[in-house]
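Below: the structure, in structure tokens.
The values are calculated or read from the model by the stated rules, or taken from the named source; none is laboratory data. Just so it is clear, the structure is predicted and the values come from calculations on it, not from any experiment. Note: ideal-geometry Cβ built from the backbone for every residue, glycine included; neighbour counts use all protein chains shown.
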Amino acid sequence: MTPVQQSDDIARLEQLAGAVRGLRQQVANRIVGQQQVVDGVLTALLAGGHSLLIGVPGLAKTLLVSTIAEALELSFNRVQFTPDLMPGDITGTELVEEDPATGRRGFRFVPGPVFANVLLADEINRTPPKTQAALLQAMQEHQVTAAGKTYPLPEPFFVLATQNPIEQEGTYPLPEAQLDRFMLELRVGYPNRDEEEQIVERTTGDLVQSVKPVLDAAALREMQHLVRRIPVSKGLVRAAVSLARMTRPHDAEAPALVKEFVEWGAGPRASQYLVLGAKARAAMDGRPLADLDDVKAVAPAVLRHRVVTNFSAEAADRTSEDLVTELVAGQAWQGGR
């Protein structure tokens, strides 16, 4: 990178940090609190990743996603996942059309709701695996194949999915391959007392809070490229890889608690997302270099849905969240080994 490019990128970083502040402010016009969740979604957007939001009903998960899409001036579609939903209801379908002039019949592809910059997959675990699988290609390759033809999705493209952790009757757990495609799993918690009072005051009146666009699709794409250009040290890469490898029970770096309680650990995507997430966090603060604190900040959301616990963990009442928290708090991975 030449000095001119460095200078230009530093100026762009300042613009990015200012845009993030503007986005936070616009989201705060409608969403009270949930700052960590908002920052998590913005981190994933800047890194080009998808997010899974888990929380009980009524915590404004859907409103949060639609508000961010509006503040980014992105096309937005919402799909309510239900047991009778079919793959074509998401990706699109081919219709038979007759040309009135010639009388000839032909097929025309009608794009489904996945053809948008932001797709909200509401209660994604409510639909059977064959319909969940309709998103696999879209999430990984940003394209859809239907009737032998491949159609590119609009860029940027994000899937923001929600799940209700309480009711499990009539649900279908996401397969590991699909969970792995989500960069972050974000936990949406209850508001505190002051925040809940603000929510009630805002939502029981007649005033509708407006949201002004801060960025468009082209500007967001440019910022995603800027995030990828943020340099990281060799030591940080080694530390991120070390942390991901420590979650694998058959790896030499795995600590005793992982070997005892983990069935399967995180794959290489976790290492990639730890570094990309660290870069995005640094960019959001306007810093030109990511550090270990950035890796620590994104590690729980990157790792907890990629660690599969075994029967011993269930018997000992140890969750993947507990194990990841303990791993991240440790010192062994920070030296990069």
Quiz item: Would you say ALA239 is in contact with a Leu (Cβ under 7 Å, 6 or more places away or on another chain) and assigned to a loop (DSSP other than H, G, I, E, B)?
Solution: no
Self-check item: One residue from GLY58, GLY103, GLY22 being over 26 Å from THR131 (Cβ atoms) and either modelled with pLDDT under 85 or crowded, with 22+ Cβ neighbours inside 10 Å (or both)
Solution: GLY103
Practice problem: With respect to GLU98, determine if the residue is of a type outside the set (Phe, Trp, Tyr), more than 15 Å from LEU186 (Cβ to Cβ) and either surrounded by fewer than 18 Cβ atoms within 10 Å (Cβ to Cβ) or not assigned by TED's automatic domain parsing to the domain that holds GLN178 (or both). | Solution: yes
Quiz item: Taking the range 62-114 as the region of interest, how many residues are acidic (Asp, Glu) and under 27 Å from ASP216 (Cβ atoms)?
Solution: 2
Exercise. Please state which of the following conditions ALA218 fails to meet, knowing it meets all the rest: (1) buried (at least 16 other Cβ atoms within 10 Å of the Cβ); (2) under 22 Å from the mean Cα position of the chain (by Cα); (3) hydrophobic (A, V, I, L, M, F, W, C).
Key: (1)
Quiz item: Exactly one of (1) out of contact with any Gly (no Cβ under 6 Å at 6 or more places or on another chain); (2) modelled with pLDDT of 90 or more; (3) surrounded by 16 or more Cβ atoms within 10 Å (Cβ to Cβ) is unmet by ALA313. Its number?
Solution: (2)
Practice problem: Could you identify the single residue in ARG281, ARG238, ARG245 that is modelled with pLDDT of 90 or more and surrounded by fewer than 19 Cβ atoms within 10 Å (Cβ to Cβ)? | Solution: ARG238
Quiz prompt | Exclusive hit being outside the structural domain of GLY40 (by TED's automatic domain parsing), under 26 Å from ASP39 (Cβ atoms) and either touching a residue at least 40 places away in the same chain (Cβ under 8 Å) or not β-branched (Val, Ile, Thr) (or both), set PRO213, PRO191 | solution = PRO213
Quiz item: Any idea which of ALA280, ALA266, ALA299, ALA252 is in contact with a helix residue (DSSP H, G or I) (Cβ under 9 Å, 6 or more places away or on another chain), outside the structural domain of GLN36 (by TED's automatic domain parsing), assigned to a loop (DSSP other than H, G, I, E, B) and within 17 Å of HIS50 (Cα to Cα)?
Solution: ALA266
Quiz item: Taking THR131, is it among the β-branched types (Val, Ile, Thr), surrounded by fewer than 19 Cβ atoms within 10 Å (Cβ to Cβ) and either at pLDDT below 90 or in a loop (DSSP other than H, G, I, E, B) (or both)?
Solution: no
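With the condition kept exactly as written, say whether any residue in the range 189-204 is part of a helix (DSSP H, G or I), of a type outside the set (Gly, Ala, Ser) and crowded, with 18+ Cβ neighbours inside 10 Å.
No, the conditions are met nowhere in the range 189-204.
Report yes if some residue within the range 228-236 is part of a loop (DSSP other than H, G, I, E, B), closer than 30 Å to ALA69 by Cα and touching a helix residue (DSSP H, G or I) at 6+ places or on another chain (Cβ under 7 Å); otherwise report no.
Yes, the range 228-236 contains at least one residue that is part of a loop (DSSP other than H, G, I, E, B), closer than 30 Å to ALA69 by Cα and touching a helix residue (DSSP H, G or I) at 6+ places or on another chain (Cβ under 7 Å).
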Quiz prompt | Checking THR131 against (1) within 16 Å of GLY92 (Cα to Cα); (2) free of Cβ contacts under 8 Å to residues at least 40 places away in the same chain; (3) out of contact with any strand residue (DSSP E or B) (no Cβ under 6 Å at 6 or more places or on another chain), the condition it does not meet | solution = (2)
Quiz prompt | Yes/no for ASP180 being touching a Lys or Arg at 6+ places or on another chain (Cβ under 6 Å) and modelled with pLDDT of 85 or more | solution = yes
